[in-house]
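Notes to accompany the following structure.
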Amino acid sequence: ETAVFQTPNYHVTQVGNEVSFNCKQTLGHDTMYWYKQDSKKLLKIMFSYNNKQLIVNETVPRRFSPQSSDKAHLNLRIKSVEPEDSAVYLCASSPGQYSGNTLYFGEGSRLIVV
Amino acid sequence: AQKVTQTQTSISVVEKTTVTMDCVYETRDSSYFLFWYKQTASGEIVFLIRQDSYKKENATVGHYSLNFQKPKSSIGLIITATQIEDSAVYFCAMRETSNMGYKLTFGTGTSLLVDP
């Protein structure tokens with residue numbers, strides 16, 4: 001049963017446009033994440049928030065910016081998209097920062113940049 | 001830096017048989033957690049099973065079990081009595097307990113096809 005909701009599920013846009021992905025979790029978790037999955041299925045973390053605070057910020061281009069209004073929401077904005085941004089963006093949450101916590105994933109938001 | 005390697009890109013088995021997927025990892029931490037996740041054709045990623053590095057017993061959940069060989073930095077996933085619906089991509093992942101422990105690092109995945 002899905003408890004991490006992402007919108008939109010699919011988005012096609014042109015190079016240079018801005019796009020935003022939204023994520024909401026109803027699990028009451030404190031920690032949320034954005035992962036990028038490329039065409040080879042490789043999953044890489046981009047950002048992580050704990051109780052609205054940014055705790056992980058991997059080396060991603062500056063056109064990517066996360067936003068968290070509360071611990072249940074984590075959005076991802078991409079200013080001026082590039083072709084290499086085409087990927088599936090996966091939102092996830094976990095009860096907290098404890099390393100043993102399981103991540104719960106949303107169904108992903110597929111971005112196609114033309 | 002932590003690293004997770006899955007060398008098998010794809011495996012094909014016949015239904016009701018047992019399959020083992022390999023995973024090796026690199027870490028400097030003495031304490032860490034190892035996970036296996038499954039990604040279905042729809043793209044959904046679900047957690048399957050976890051092994052805590054300080055536990056000697058292999059974790060087991062349903063028809064999933066782990067073969068944890070700490071000296072070899074290896075954590076294999078064993079699926080017994082495979083079913084058609086086990087067809088998916090399986091990811092091995094690791095999370096250290098150091099201050100970089102917020103990151104779950106994934107392997108490249110192994111695609112499993114279960115044929116009738």
- Give just the number: which of (1) among the aromatic types (F, W, Y); (2) crowded, with 20+ Cβ neighbours inside 10 Å; (3) modelled with pLDDT under 95 does B:F35 not satisfy? (3)
- Query: Only one of (1) over 16 Å from B:I45 (Cβ atoms); (2) part of a loop (DSSP other than H, G, I, E, B); (3) away from every other protein chain (no Cβ under 11 Å); (4) touching a residue at least 60 places away in the same chain (Cβ under 8 Å) fails for A:G96. Which number is that?
  - Reply: (3)
- Task: Filter the strands (runs of 3 or more DSSP E) completely within region A:33-78 down to those with at least 1 residues that are closer than 16 Å to B:I45 by Cβ and out of contact with any Leu (no Cβ under 6 Å at 6 or more places or on another chain).
- Result: A:43-50
- Task: Could you look through region A:1-55, keep only residues that are hydrophobic (A, V, I, L, M, F, W, C) and touching a Lys or Arg at 6+ places or on another chain (Cβ under 6 Å), and pick out the one that is surrounded by the fewest Cβ atoms within 10 Å (Cβ to Cβ)?
- Result: A:F5
- Query: Is it true that A:P8 is under 22 Å from A:S86 (Cα atoms) and within 12 Å of the chain's Cα centre (by Cα)?
  - Reply: yes
- Item | Failed criterion for A:L90 (all others in (1) within 16 Å of B:T105 (Cβ to Cβ); (2) modelled with pLDDT of 95 or more; (3) more than 8 Å from chain B (Cβ to nearest Cβ) hold) | (3)
- Note on the structure: Pairing a residue in region A:37-51 that is at the interface with chain B (Cβ under 7 Å from one of its Cβ atoms) with any residue that is part of a loop (DSSP other than H, G, I, E, B), where Cβ atoms lie under 6 Å and the two sit 6 or more apart in sequence or on different chains, gives A:K41/B:G109; A:L42/B:T108; A:I45/A:E58; A:I45/B:K103; A:S48/B:Y102
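Quick grid of which residues meet (1) among the hydroxyl-bearing types (S, T, Y); (2) at the interface with chain A (Cβ under 10 Å from one of its Cβ atoms):
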{"position": "B:D52", "(1), (2)": "no, yes"}
{"position": "B:K55", "(1), (2)": "no, no"}
{"position": "B:I75", "(1), (2)": "no, no"}
{"position": "B:S87", "(1), (2)": "yes, no"}
{"position": "B:F91", "(1), (2)": "no, yes"}
{"position": "B:K103", "(1), (2)": "no, yes"}
- Note on the structure: Checked A:S80, A:S39 against criteria (of a type outside the set (V, I, T) and in contact with a Ser or Thr (Cβ under 8 Å, 6 or more places away or on another chain)); the one match is A:S39
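The values are calculated or read from the model by the stated rules, or taken from the named source; none is laboratory data. Just so it is clear, the structure is predicted and the values come from calculations on it, not from any experiment. Positions of Cβ are backbone-derived with ideal geometry, glycine not excepted, and every protein chain shown enters the neighbour counts.
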